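S.K.: This is the structure, below, for whatever I ask next.
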Amino acid sequence: MKVFELSGALETDVMLRGWGDPRGKKYSVPRGLHLIFPEDWTFGRVRLGTGSKFDVIPVYSGPEGDRYALWTTATSATGKWVRFDVPQDQVELVDILKDESHFAKSNVSKTGWMKIVIDGPKEDGAAPKRYQLSLAGTMIMEGDPDDEETSEVSFVEYPKEEDDKIVKISFVKA
């Protein structure tokens, strides 16, 4: 792990933050939209203000690019992997690293914003469709408190522009 940390490939103790919102306004720091795994929920949610903490761990490097996985570090479920369940349109925590936990960083900007790209399920030997993680806050109102949550975590086909969902993501230090 030290090699990854020294090379900059390992990001530790970060939150996954969505950029902008579908109404055309940008939440200012610290009122960003974040991925969170609340204690009594079996899947990830969107929270205004802060989110769960993760390590972003490199898991694969090959001809089609680098792949990463998220490891929970400071939540009620510390020590679990994030699994992207595209058919169910949700993210969940699992004990064992699975292929569905892998993601690619795409369209990475100079300021660190990117798209989180996940391969969908394989069907009949064809190449899997690709999807991008989306966080939305259409159910969160401007005056809501910083711990307001919604279940608006989903996936949209990749590539797709930011017309109705928040698909630009960054990892910010917790």
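Values quoted throughout were computed directly from the atomic coordinates according to the rules given, and no laboratory measurement underlies them. All figures in this text were calculated on a predicted structure; none of them were measured in a lab. So basically every Cβ, Gly included, is an ideal-geometry build from the backbone, and we count neighbours across all protein chains shown.
S.K.: Work out how much length Ala77 to Asp99 would gain on full extension: take 0.36 nm times their residue separation and subtract the Cα-Cα distance, in nm to one decimal.
M.R.: 5.9 nm
S.K.: Also, I was wondering about something else. Any chance you could run the full-extension gain for Val108 through Glu157? It's 0.36 nm times the residue separation minus the Cα-Cα distance, nm to one decimal.
M.R.: Extra length from Val108 to Glu157 when fully extended: 15.9 nm.
S.K.: Follow-up question, since we're still on this one. Would you please give the FRET efficiency between Arg130 and Glu39, computed as 1/(1 + (r/R0)^6) with r the Cβ-Cβ distance and R0 = 25 Å, to the nearest 0.05?
M.R.: Computed FRET efficiency for Arg130 and Glu39 comes out at 0.20.
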